[in-house]
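Read the figures in this text as sums done on the coordinates, not as results from a lab. On a predicted model such as this, the values are computed, not experimentally measured, just so you know. When we count neighbours, we look across all protein chains shown, and the Cβ atoms used for this are built from the backbone with ideal geometry, even at glycine.
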Amino acid sequence: MIRTCLCITVLTFSLFNALALLAAGSRYFGPTTQQGQEQTVEVKIDNFSFSPATLTVAAGTTVTWINRDDIPHTVVSSDDSRVFKSKALDTDDRFSFTFTRAGTYSYFCSIHPKMTGKVVVQ
Amino acid sequence: MQSPLYADLVLFLEIGIALGLLVGAWLARKRKFREHAWCQSVAVLLNLVLVAVVMVPTFREQVSPKIPAKLGKSYVGLPAAHGALGGIVEVIALYILLAAGTKLLPERLRIRRYKLWMRTVLVAWWLVLLLGAATYVRWYVPLPVRH
């Protein structure tokens, strides 16, 4: 009986610890905003490339491109209607766009047209 | 290479024009002055078209908004120097074409020491080409290693 109680206590303690660790982990490694608010995801521009080149996000997510390169770049959607289009971004400049509709959005740098990326909105 | 097609085309044509000017100078040394005049005129006028159609609009869109704030940055300083020196050299080259190849200018505005002017412009032209090539590399060629 005592052994069973001890086992239950240890298991309960372990379970609480595991849950606490999970909660802490999601705070550090999960979405950067709280539930109910729109999420923000970053795309880094460096050495003439977008990183990650392909990004998958949920509808309502705001994607922010940050130019970490030492040359100007732009972020322009490839479709004819130009859903989003930034000005020339200097070093450390940012450009954000909120994707409200599901779909695949290809984009490129208009100064360096071979620089391309893609945002998949689910 | 991350360059757009127009930049590749302009660089290719500008190298061709600069080589054409050297050929023109060689023609002058061979005393083929009519061919020399044609060669240099085509080179200077073709360059004028490239400057007006491609370089000036690109410069106005991508470089001039960053002057003077970012003039210290090489991606602004190089095209600014290229544009400034290139503009001066093109104007002098056009002046030489008018002075040497036509009678449009009044007598007092004509050039006497042709060789000095033409050689100076030829050297400056190649300097401008080097600045243009450096601008191309700075804007369109990724560095091989980054830390």
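Approximating the spin labels as points 7 Å out from Cα along Cα→Cβ, the B:Ala133-to-A:Lys85 distance works out to 3.5 nm. Only Cα pairs under 8 Å and 6+ residues apart enter the sum, and on that basis the relative contact order of chain B stands at 33 percent. The angle between the Cα long axis of helix B:5-29 and the longest principal axis of the Cα atoms of chain B comes to about 30 degrees, rounded to the nearest 10.
Computed on the Cα atoms alone, the convex hull of the stretch A:40-121 gives a volume of 74 cubic angstrom per residue.
When the alpha carbon coordinates of the stretch A:77-122 are projected onto the principal axes, the ranges are 30, 20, 16 Å, largest first.
Neighbours of B:Trp125, meaning other residues whose beta-carbon lies under 15 angstrom from its beta-carbon, give a summed charge of -1 when Lys and Arg score +1 and Asp and Glu score -1. Taking a sphere under 12 Å around the Cβ of B:Ala99 and counting the other residues whose Cβ falls inside, with K and R at +1 and D and E at -1, yields a net charge of +4. So how far apart, in nm, are the two label points at B:Leu46 and B:Arg119 if each is 7 Å from Cα heading toward Cβ? Label-label distance for B:Leu46 and B:Arg119, simple model: 2.6 nm.
Counting only trypsin sites (Lys or Arg not before Pro) that DSSP places in a loop and that have at most 10 other Cβ atoms within 10 Å, the longest clean stretch of chain B runs over B:32-102.
At 37 °C and a viscosity of 0.692 mPa s, what translational diffusion coefficient does Stokes-Einstein give for the stretch B:45-121, taking Rh as the Kirkwood radius over Cα pairs? Give it in µm²/s as a whole number. Rounded to a whole number, D works out at 230 µm²/s. Suppose R0 equals 35 Å. What FRET efficiency, 1/(1 + (r/R0)^6) with r the Cβ-Cβ distance, do B:Val56 and B:Arg34 give to the nearest 0.05? The formula returns an efficiency of 0.65 here. Of all lysines in the structure, the ones whose alpha carbon falls short of 19 Å from that of A:Lys114, not counting any fewer than 8 places away in one chain, are A:Lys44, A:Lys85, A:Lys87.
How big is chain B by the Kirkwood estimate over distinct Cα pairs, in Å? Final number for the Kirkwood radius of chain B is 16.6 Å. Taken as Cα centroids, the stretch B:119-145 and the stretch A:52-99 sit 30 Å apart, rounded to the nearest whole angstrom.
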